[in-house]
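The values are calculated or read from the model by the stated rules, or taken from the named source; none is laboratory data. Computed from a prediction, not measured in an experiment: that's the story for all the values here. Note that we place each Cβ from the backbone using ideal geometry, even for glycine, and neighbour counts take in every protein chain shown. Keep in mind that these areas ignore ligands, DNA and RNA; they rest on the heavy atoms of the full protein, side chains included. Shrake-Rupley method; radii C 1.70, N 1.55, O 1.52, S 1.80 Å.
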Amino acid sequence: DFDVPAGSFTVVTGGVGSGKSTLLRALIGLEPSTGSIEWNGETVSDAGAWFVPPNAAHVAQIPRLFSETLAENIALGRDQSRLEAVLEQTTLTQDLAEMPDGTATTVGSRGLRLSGGQAQRVATARSLLTQPELLIVDDLSSALDVATESDLWSRLRDEGTSTVIAVSHRQFVIDQADQLITLEGGRIASITTRSTR
């Protein structure tokens, strides 16, 4: 069992195969589970239907992009009034200078014209567009270099983005956490908070 206070940053860590991604997927209803989930004291009966924008957004380890423009991949048909804000927040603004048509650049099938880090940040921008109350991030470090990931997390923390649950093994991310959940063999081995670390 674990609690995630509103506005906090929780990091889930552990070795390969310890259950980090499975935990996140079960939480949002993408994996079967036998436990119960409460949101502000109310039981969530259907996690898959509840943990969607604007309640929650999920950034998967391998983002799914489409052969559309960068802007369309972020908006997915939604209002684009916050597009500039999320581009800045996810450090994509500087990348746009190197793209021939800016946000109108077609990213190619499955985002093949983007680097892995750019694709991951496009997926993060997509998740932030609706200003979700809960942001769930599965290992940004799988595609981002250390400097870019550090900058991204700093921007997310500085701007008070949602309540965040993130999988990470990088120490600088762990150091920013309000709560650290360590998994071993599919179970929670320890939970530490900022005041006890």
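Brief remarks on what is shown
- Solvent exposure of the range 1-139 as accessible area per residue, Å², 1.4 Å probe: 52
- In this simple spin-label model, placing a label point 7 Å from the Cα along the Cα-to-Cβ direction at both T193 and E84 gives a separation of 4.0 nm.
- In a simple Cβ point-charge model (Lys, Arg +1; Asp, Glu -1; nothing else charged), the range 130-197 has a dipole of about 280 debye relative to its Cα centre.
- Apportionment of accessible area to carbon and sulfur, the range 21-102, percent (1.4 Å): 50
- Our estimate of slack between N40 and S115, defined as 0.36 nm per intervening residue step minus the Cα-Cα distance, is 23.2 nm.
- Cα centroid separation, the range 1-25 to the range 79-124: 27 Å.
- Working note: Karplus 6.51/-1.76/1.60 with θ = phi - 60° gives the range 47-56 the couplings 4, x, 8, 7, 7, 10, x, x, 5, 8 Hz, where Gly and Pro are set to x.
- Taking a Cβ cut-off of under 14 Å around P132, the surrounding Lys, Arg, Asp and Glu residues balance to a net charge of +1, with basic ones at +1 and acidic ones at -1.
- Rounded accessible area per residue of the range 145-195, 1.4 Å, Å²: 50
- Identified option (computed Rg/Rh (Cα atoms, Kirkwood Rh); candidates [x] 1.80; [y] 1.03; [z] 0.96): [z]
- DSSP beta bridges in the chain [antiparallel fraction, %, rounded to 5]: 35
- Each peptide in 125-132, 31-38 was scored by the mean count of other Cβ atoms within 10 Å over its residues; highest first, the order is 125-132, 31-38.
- Whole-Hz couplings from phi, Karplus 6.51/-1.76/1.60, listed for the range 133-149; x for Gly and Pro: 6, 10, 10, 10, 10, 9, 6, 4, 5, 5, 10, 9, 6, 4, 5, 5, 5
- Cα-based shape type of the range 38-142, given that a ≥ b ≥ c are square roots of the gyration tensor eigenvalues and the cut on a/c is 1.5: prolate
- Couplings for the range 35-44, taken from phi via the Karplus curve 6.51 cos²θ - 1.76 cosθ + 1.60 with θ = phi - 60°, read x, 10, 10, 10, 10, 6, x, 9, 5, 8 Hz in order; Gly and Pro are left as x.
- The amide H of V12, built 1.01 Å from its N in the peptide plane, has A166, V167, S168, I181 as neighbours under 5 Å, considering only residues 5 or more places off or on other chains.
- Under 5 Å from the amide H of L134 lie the amide H atoms of A56, A57, T163, each residue being 5 or more positions distant or on a separate chain, with H modelled from the backbone and absent for Pro and chain starts.
- Dividing the alpha-carbon radius of gyration of the range 82-187 by the rule-of-thumb value 2.2 N^0.38 Å gives 1.12.
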